[in-house]
1. Roughly what percent of Cα-Cα pairs across region 14-146 reach past 23 Å?
2. For R43 and D232, calculate 0.36 nm times their separation in residues minus their Cα-Cα distance, and state this gained length in nm to one decimal.
3. Using the heavy atoms of the protein chains alone and a 1.4 angstrom probe, what is the accessible area of region 74-121 per residue in square angstrom?
4. With θ taken as phi - 60° and the coefficients 6.51, -1.76 and 1.60, list the Karplus ³J(HN,Hα) couplings across region 53-58 in order, rounded to whole Hz; mark glycine and proline as x.
5. Given contacts defined as C-alpha pairs under 8 Å and at least six residues apart, what's the relative contact order of the chain, whole-number percent?
6. Report the Cα centroid-to-centroid distance between region 112-138 and region 312-351 in angstrom, as an integer.
7. For the pairs K135/K280; K281/K307; K226/K280; K2/K226, note any where the Cα-Cα span goes beyond 28 Å.
8. Of all the accessible heavy-atom surface of region 1-73, with the other protein chains kept in place and a 1.4 Å probe, what percent is carbon and sulfur?
Amino acid sequence: MKLRENVILAPYSTFRIGGPARYFVEASTRGEIEEGLQLAADRGVPLFILGGGSNLVIADAGFPGLVLHVALRGIESHLDGDRVLVTAGAGENWDDLVELVVRNDWAGFECLSGIPGSVGATPIQNVGAYGQEVKETIVEVTALDRQTGATRTFSNEECHFGYRMSRFKNEEPNRFLVVSVTYSLRPGGAPSIRYPDVQRYFTEAGFAQPTLQQVRDGVIEIRSRKGMVVRDDDPDSRSAGSFFMNPIVSEEEAERFFERARARSPRDQKIPAFEAAGGKKLSAAWLVENAGFQRGLMHGNVGISSKHTLALVNRGSGTARELMELRDMIQSRVRDVFGVELQPEPNFVGF
């Protein structure tokens with residue numbers, strides 16, 4: 001195991017923001033992971049597990065402990081009846097795995113194309129987009145219990161998946177380090193075309209029955225239009241994707257929201273809301289825009305994407321402090337105008 005000191009973390013984040021880690025270890029084997037965990041314990045410093053860096057905001061001061069960058073690799077697959085089981089190491093690049101699966105004509109991931117990050121993050125966040133979530137395909141998650149040092153395997157049900165949540169994120173945060181994930185995919189299965197943006201794209205393109213590859217390509221194009229595909233030539237992609245989660249409110253809260261929204265909106269404007277367990281799911285993008293925040297807005301060296309209201313972006317030399325100021329401004333305004341609390345989607349490190 002190679003221990004490094006004072007490693008700048010900005011390059012490890014899609015935001016390209018963040019100060020130094022006091023200690024930094026890149027772990028490509030189980031043994032190196034265990035060494036890193038033990039080192040943090042021996043030195044009495046806090047520990048942060050870093051994956052693909054696509055869903056986090058790192059403080060300008062960095063992290064005062066040990067950052068353990070999980071780089072476990074390996075992909076295995078085998079037929080199991082009418083399905084294919086694919087097991088991938090936590091450090092595998094997520095979109096590379098999606099590309100491989102689609103190329104093999106296995107259905108289940110196609111609408112999750114173009115999402116940055118690593119395999120290990122997918123069950124933690126229950127990653128989802130365009131009508132698909134990984135909870136639909138995850139069979140089991142193998143993780144290291146940081147409290148006991150034992151390896152545990154969780155079934156899909158034991159992961160307690162919800163909208164952008166899981167057991168690993170909400171119930172026992174920071175306890176488990178994901179080692180690998182096993183997914184169930186459908187050989188020759190039909191692609192998922194459930195989301196309005198995707199349906200509209202293929203209707204306009206004239207594809208009645210698109211292939212898995214065509215759906216993957218279409219989703220990447222849709223995401224690119226919104227600055228949601230990480231590319232060096234697109235400054236709008238220096239972000240964490242959607243910064244705020246779509247809020248789920250009770251029926252009573254939804255009624256109060258609709259009263260406020262109708263009072264401010266043109267009579268013919270559609271106010272998006274969707275059925276959800278226990279109430280309604282509101283559109284965070286609609287809330288942000290209708291609270292007065294427009295695409296392209298600048299706040300110092302950060303701002304709102306010129307392509308998507310929900311993405312906060314680093315304009316080149318942005319700081320975490322500026323990003324937090326913009327976050328607070330948006331949350332406060334949406335709360336005052338609509339009585340709705342927006343919750344950020346990224347993890348915050350070193351604050």
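1. Working: 3434 of 8778 pairs.
Within region 14-146, distances greater than 23 Å cover 39 percent of Cα pairs.
2. Working: separation 189, 0.36 × 189 = 68.04 nm, distance 3.77 nm.
Taking 0.36 nm per residue and subtracting the Cα distance, the gain is 64.3 nm.
3. Details: 1840 Å² over 48 residues.
In whole numbers, region 74-121 has 38 Å² accessible per residue.
4. x, 8, 9, 8, 10, 9
5. Working: 736 pairs, mean separation 57.9, N = 351.
Relative CO of the chain lands at 17 percent.
6. Value for the Cα centre distance between the two parts: 23 Å.
7. Working: K135/K280 21 Å; K281/K307 23 Å; K226/K280 25 Å; K2/K226 39 Å.
K2/K226, as the Cα separations exceed 28 Å there.
8. Details: 1540 of 3120 Å².
The nonpolar share, carbon plus sulfur, comes to 49 percent.
The values are calculated or read from the model by the stated rules, or taken from the named source; none is laboratory data. Just so it is clear, the structure is predicted and the values come from calculations on it, not from any experiment. Glycine gets a Cβ as well: all are built from the backbone with ideal geometry, and neighbour counts include every protein chain shown. Just the protein is used for accessible areas: all its heavy atoms, side chains included, with ligands, DNA and RNA removed. Shrake-Rupley method; radii C 1.70, N 1.55, O 1.52, S 1.80 Å.
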